[in-house]
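Chemist: Handing you this structure, nothing more for now.
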Amino acid sequence: MVLKNATVLVVDDDADVLTALRLLLKPLVKDVVTEKNPNNINSHIERNAIDVVILDMNFSGLVNTGNEGIFWLNKIRKLKPEISVILMTAYADIDLAIKGLKEGASDFLMKPWKNEKIIETITTILRNKKANTAIQDNFKSSNIEIIGDSDVMNDVFVKLKKVAPTDANVLILGENGTGKDLIARALHDNSNRKDKPFIKVDVGALTSSLFESELFGYKKGAFTDAREDRKGRFEAANGGTLFLDEIGNITLGQQVRLLTVLQNRQVTPLGSNEPIPIDIRLICATNVDPKVLADEKKFRKDLIYRINTVDIIIPPLRERGTDITELSHHFVALYAEKYNKTSFSFDSGFISKLKKHDFPGNVRELQYVLERAVIMTDGTILKPEDLVFSSIERSPTSKNIETTSLNLDDIEKNAILTVLEKHKGNVSKSAKELGITRAALYRRLDKYEL
């Protein structure tokens, strides 16, 4: 049982609460640490390998009354983002609890609590953490590191684990800068073809004249500049993986040629009449709106079926919650080493400013913003003023998603707001009326930043 190896820290200024939780959890977990003063949280975290913190949201006379839990949650997340935090609150603090979930808390419990609920919550958190760690370790075993612990990214990791070992064709969907190429490489590196070639082609950048020669190859004399035989990308990837990036931008004529090759599993180089058998695993990616791919005037349905055995949707950075913090630590450490600088710490407003930014360029934009900050700062503490964002606005596709009144996301968001207002923020009642679980409603609150 995952509980047996866990160490739990309980922080509450009520001695009776500490005693009750220690008596409840002591027989079940490896160790229970209790603390009345939240100012001592740092020392406990440094001295003990804490897995879960149960944190009260109100302390007498500390920080800002009503927001103490959020303050200490952010402290814990900054010091040890891998520690799971469960907020404990009275009903009056429900709005703060929802804010806490958005800030990275794993769950929250109501006072007075039910013993079985506390045990179930801790068990679920530890079990999910163990499963997600195993999944991510699989994808960090290669030279690629895909960073993220948000619910939406864990969903991606689960799908990757299932799909990677197969030969299924995969279509990766996502905005520019979300890391579609990293996902493609991870699929290959965790497949049975990992020791074979991985060939990437940006097909959206190929002109009509280059499309066939690049993909299918040519024979000497096939055209004016064909001075020798050349293998196409399909043949070069034989036995391995072919990654066609920006597949949504190819013309209908190019789609026909590609479909023929995929159906027949063979290519015929330009200037030759002899087909060459190919054995590839095909991965495609595009930032094109799925609605455009569904339009037969722009993209053939039979080709969609051929390339889309499984689709993986990479969420934009603005929907990934606390991943921004983890990614920021990663990139700052990376560029500090690259530019021979000492390690950096973050001012309290640094991460807050990052989280408020929309990041139309997603992870790629975050990476460049942090690289610039590391280069330009003179000190060892990164401050909000060290962050300079591009003035480029979000892509039209993303704007449409937010502003079109019939968009499913908009409809769902408005429904959630309406029901929450009706029940005065009561998550349990709202979830029941919406026909979903509380956990599912929390994920949507985080998704829409409500």
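The values are calculated or read from the model by the stated rules, or taken from the named source; none is laboratory data. Predicted, not measured: the structure shown is a model, and the values here were computed from it. Every residue, glycine as well, gets a Cβ built from its backbone with ideal geometry; the counts of neighbours run over all protein chains shown. The accessibility values were calculated without ligands, DNA or RNA, using every heavy atom of the protein model including side chains. Shrake-Rupley method; radii C 1.70, N 1.55, O 1.52, S 1.80 Å.
Chemist: Using the Karplus curve 6.51 cos²θ - 1.76 cosθ + 1.60 with θ = phi - 60°, what ³J(HN,Hα) values do you get for each residue of the range 36-46, in whole Hz, with x for Gly and Pro?
Modeler: 8, 9, x, 5, 8, 4, 4, 5, 5, 5, 6
Chemist: Find the centroid of the Cα atoms in the range 408-450 and in the range 4-55, then give the distance between the two in whole Å.
Modeler: Value for the Cα centre distance between the two parts: 32 Å.
Chemist: What does the charge count near D12 come to, summing +1 for each Lys or Arg and -1 for each Asp or Glu among other residues with Cβ under 13 Å from its Cβ? Write out the running numbers ahead of the final one.
Modeler: Working: positive: R22, K36, K111; negative: D13, D14, D16, E35, D56, E68.
Within the 13 Å Cβ shell, the charges total -3.
Chemist: How many percent of DSSP beta bridges within the chain run antiparallel, rounded to 5?
Modeler: Values: 4 of 42 bridges.
The antiparallel proportion sits near 10 percent.
Chemist: Something else about it: Aspartates and glutamates within cross-link reach of K338: Cα-Cα under 14 Å, excluding same-chain residues under 8 positions apart?
Modeler: E371
Chemist: Report, in degrees rounded to the nearest 10, the 0 to 90 angle that the Cα long axis of helix 68-79 makes with the longest principal axis of the chain.
Modeler: 50
Chemist: Next up: Helix-only mean residue ellipticity at 222 nm, the chain, DSSP H runs n ≥ 4 weighted -39,500 (n - 2.57), per residue, nearest 500. What is it?
Modeler: Details: 19 runs with 207 residues, N = 450.
It lands at -14000 deg cm²/dmol.
Chemist: Here's another thing I want to ask about it. Once amide H atoms are placed 1.01 Å from N in the peptide plane, what residues at a sequence separation of 5 or more from R281, or on another chain, have their amide H within under 5 Å of its amide H?
Modeler: G240, T241, L242
Chemist: Still on this structure: Along the charge dipole of the range 239-377, Cβ charges K/R +1 and D/E -1, which of S348, L270, I280 sits furthest on the positive end?
Modeler: Going by the charge dipole, the pick is S348.
Chemist: Where Rh is the Kirkwood radius over the Cα pairs of the chain, the temperature 4 °C and the viscosity 1.567 mPa s, what D in µm²/s does Stokes-Einstein return?
Modeler: Values: Rh = 24.9 Å.
For the chosen part, D equals 52 µm²/s.
Chemist: Now for a separate question. In Å², and per residue, what accessible area does the chain have when probed at 1.4 Å with the other protein chains present?
Modeler: Values: 22570 Å² over 450 residues.
For the chain, the solvent-accessible area averages 50 Å² per residue.
Chemist: Would you pull out the residues with amide H under 5 Å of D202's amide H, same chain only if 5 or more places away, H placed 1.01 Å from N?
Modeler: Correct list: D245.
Chemist: Mind pulling the angle between the C-alpha long axis of helix 323-338 and the longest principal axis of the chain? Nearest 10 degrees, somewhere in 0 to 90.
Modeler: Roughly 70 degrees between the two axes.
Chemist: Sort the range 167-209 into rounded, prolate or oblate with this rule: let a ≥ b ≥ c be the square roots of the eigenvalues of the Cα gyration tensor; rounded if a/c is under 1.5, and if a/c is not under 1.5, prolate when a/b is larger than b/c, oblate otherwise.
Modeler: Working: a/c = 2.24, a/b = 1.36, b/c = 1.64.
Since a/c reaches 1.5 but b/c is at least a/b, the shape of the range 167-209 is classed as oblate.
Chemist: Looking at the range 134-286, send over the antiparallel percent of its DSSP beta bridges, to the nearest 5.
Modeler: Details: 4 of 18 bridges.
Of the beta bridges lying entirely in the range 134-286, close to 20 percent run antiparallel.
Chemist: Per residue of the range 115-121, what does 6.51 cos²θ - 1.76 cosθ + 1.60 with θ = phi - 60° give for ³J(HN,Hα)? Whole Hz please, x for Gly and Pro, Karplus curve as stated.
Modeler: 4, 5, 5, 4, 4, 5, 5
Chemist: In the structure displayed, which of K180/K297; K36/K129; K111/K180; K422/K447; K30/K341 lie more than 32 Å apart, Cα to Cα? Could the numbers behind the result be given before it?
Modeler: Details: K180/K297 26 Å; K36/K129 27 Å; K111/K180 44 Å; K422/K447 20 Å; K30/K341 40 Å.
Correct reply: K111/K180; K30/K341.
Chemist: Could you tell me which of G248, Q367, N414 has its Cα farthest along the dipole of the chain towards the positive end, charges placed at Cβ (Lys, Arg +1; Asp, Glu -1), taken about the Cα centre?
Modeler: Checked the options; the winner is G248.
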